[in-house]
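What follows is a short report on a single structure.
The values are calculated or read from the model by the stated rules, or taken from the named source; none is laboratory data. Source: prediction; values computed, not measured. Here the Cβ is made from the backbone with ideal geometry for all residues, glycine too, and neighbour counts use every protein chain on show.
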């Protein structure tokens, strides 16, 4: 079967250069109250397209470019671990867990190619959705809570860091950047998962 990569390639060709790929997704979680068959498929396919399929093709397009220039950084925006198993989190949590697994696999596949792959999450619900209402007493995180870590991961200071997971609200601006990143690093998600590489 021949694959048409024109759409992927076009997204890269429209830029003069690409040094990082940061893929973010946002999809409302479906609460499966009552009969879970009602509305499930309606939410499953968009969630799968965004969090799994879309990430795969975006990453593949970026990797083709990164291989040509000899280096690159991929940052996948994910979510808190509790969404992977908490009730009413399907299909959102299922597809985000898939994204986390993909991140770990790609990090090992691409490490020898000088391409890093890491996960980044805010650390809680954010105010990026104007229609989102927090739980009673809950304070939503600012939408830019991940910016310091995103900038650090995109910089040369993160060279040698791959297969890691970072939490935006754990960044301490009073610390030197490398120490702040180390402090914001989260434990591995999966059993027997390697710790990732953080060489500094």
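Looking only at segment 53-88, which residues are surrounded by fewer than 21 Cβ atoms within 10 Å (Cβ to Cβ), closer than 18 Å to residue 190 by Cα and in contact with a helix residue (DSSP H, G or I) (Cβ under 8 Å, 6 or more places away or on another chain)? Working first, answer last.
Going residue by residue through segment 53-88, those that are surrounded by fewer than 21 Cβ atoms within 10 Å (Cβ to Cβ) are 53-54, 56-58, 60-61, 63-65, 67-71, 77, 80-88.
Of the ones still in play, those that are also closer than 18 Å to residue 190 by Cα are 77, 80-86.
Matches in segment 53-88: 83, 84, 85, 86.
For segment 64-82, does any single residue satisfy the condition of being in a helix (DSSP H, G or I) and at pLDDT below 85? Give the steps one after another, and end with the answer.
Of segment 64-82, the ones in a helix (DSSP H, G or I) are 64-69, 81-82.
Now restrict to residues that are at pLDDT below 85: 81-82.
For segment 64-82, residues in a helix (DSSP H, G or I) and at pLDDT below 85: present.
May I ask you to list pairs of residues, at least six apart or on different chains, whose Cβ atoms are under 7 Å apart, with the first in segment 120-148 being under 22 Å from residue 97 (Cα atoms) and the second being exposed (fewer than 10 other Cβ atoms within 10 Å of the Cβ) and modelled with pLDDT of 90 or more?
Here the result reads none, with nothing in segment 120-148 linked to a residue that is exposed (fewer than 10 other Cβ atoms within 10 Å of the Cβ) and modelled with pLDDT of 90 or more.
For residue 32, indicate whether it is over 17 Å from the mean Cα position of the chain (by Cα), modelled with pLDDT under 80 and surrounded by fewer than 20 Cβ atoms within 10 Å (Cβ to Cβ). Lay out the reasoning, then the answer.
Numbers: over 17 Å from the mean Cα position of the chain (by Cα): yes; modelled with pLDDT under 80: yes; surrounded by fewer than 20 Cβ atoms within 10 Å (Cβ to Cβ): yes.
When the stated conditions are applied, residue 32 passes them.
So which residues in segment 135-150 are more than 22 Å from residue 111 (Cβ to Cβ) and surrounded by 13 or more Cβ atoms within 10 Å (Cβ to Cβ), if there are any at all? Can you show your working first?
Restricting attention to segment 135-150, the residues satisfying the condition of being more than 22 Å from residue 111 (Cβ to Cβ) are 135-148.
Correct list: 140, 141, 142, 144, 145, 146, 148.
Which residue, of 110, 99, is over 21 Å from residue 155 (Cα atoms), in contact (Cβ under 8 Å) with a residue 24 or more places away in the chain, surrounded by 20 or more Cβ atoms within 10 Å (Cβ to Cβ) and in contact with a strand residue (DSSP E or B) (Cβ under 9 Å, 6 or more places away or on another chain)? If you could, list the steps in order and put the result at the bottom.
Numbers: 110 fails: over 21 Å from residue 155 (Cα atoms).
Matching residue, one of 110, 99: 99.
Kindly establish whether residue 137 is in contact with a strand residue (DSSP E or B) (Cβ under 6 Å, 6 or more places away or on another chain), in a loop (DSSP other than H, G, I, E, B) and either farther than 29 Å from residue 158 by Cβ or modelled with pLDDT under 95 (or both). Don't jump to the end; show me each part of the working.
Details: in contact with a strand residue (DSSP E or B) (Cβ under 6 Å, 6 or more places away or on another chain): no; in a loop (DSSP other than H, G, I, E, B): yes; either farther than 29 Å from residue 158 by Cβ or modelled with pLDDT under 95 (or both): yes.
Against the criterion (in contact with a strand residue (DSSP E or B) (Cβ under 6 Å, 6 or more places away or on another chain), in a loop (DSSP other than H, G, I, E, B) and either farther than 29 Å from residue 158 by Cβ or modelled with pLDDT under 95 (or both)), residue 137 does not qualify.
I'd like to know if segment 113-120 contains one or more residues that are farther than 22 Å from residue 185 by Cα, at pLDDT 90 or above and in a helix (DSSP H, G or I). Write out each step before concluding.
Keep residues of segment 113-120 that are farther than 22 Å from residue 185 by Cα, which gives 113.
Retained after the next criterion (residues that are at pLDDT 90 or above): 113.
Still in the running and in a helix (DSSP H, G or I): 113.
Yes, that holds for at least one residue.
Of all residues in segment 121-130, count the ones that are buried (at least 22 other Cβ atoms within 10 Å of the Cβ) and either out of contact with any helix residue (DSSP H, G or I) (no Cβ under 7 Å at 6 or more places or on another chain) or not in a loop (DSSP other than H, G, I, E, B) (or both). So that I can check it myself, show each step before the final result.
Taking segment 121-130 and keeping what is buried (at least 22 other Cβ atoms within 10 Å of the Cβ), we get 121-122.
Filter once more, so that each one left must be either out of contact with any helix residue (DSSP H, G or I) (no Cβ under 7 Å at 6 or more places or on another chain) or not in a loop (DSSP other than H, G, I, E, B) (or both): 121.
Qualifying residue count, segment 121-130: 1.
Among (1) in a loop (DSSP other than H, G, I, E, B); (2) crowded, with 19+ Cβ neighbours inside 10 Å; (3) at pLDDT below 70, which single condition is residue 2 missing?
(2)
Does segment 177-184 contain any residue that is within 17 Å of the chain's Cα centre (by Cα) and more than 22 Å from residue 63 (Cα to Cα)? Explain how you work it out, then say what you get.
So the first thing to find is which residues in segment 177-184 are within 17 Å of the chain's Cα centre (by Cα), and the list is 181, 184.
With the extra rule that they be more than 22 Å from residue 63 (Cα to Cα), the set shrinks to 181, 184.
Taking every residue of segment 177-184 in turn, at least one turns out to be within 17 Å of the chain's Cα centre (by Cα) and more than 22 Å from residue 63 (Cα to Cα).
Just checking, does segment 156-176 include any residue being more than 14 Å from the chain's Cα centre (by Cα), surrounded by 14 or more Cβ atoms within 10 Å (Cβ to Cβ) and touching a residue at least 60 places away in the same chain (Cβ under 8 Å)?
Scanning segment 156-176, I find at least one residue that is more than 14 Å from the chain's Cα centre (by Cα), surrounded by 14 or more Cβ atoms within 10 Å (Cβ to Cβ) and touching a residue at least 60 places away in the same chain (Cβ under 8 Å), so the answer is yes.
In segment 71-96, how many residues are in contact with a strand residue (DSSP E or B) (Cβ under 9 Å, 6 or more places away or on another chain) and farther than 18 Å from residue 165 by Cβ?
2
Restricting attention to segment 182-194, does a residue exist that is modelled with pLDDT of 90 or more and out of contact with any strand residue (DSSP E or B) (no Cβ under 6 Å at 6 or more places or on another chain)?
Within segment 182-194 (the criterion being modelled with pLDDT of 90 or more and out of contact with any strand residue (DSSP E or B) (no Cβ under 6 Å at 6 or more places or on another chain)), the answer is yes, since at least one residue qualifies.
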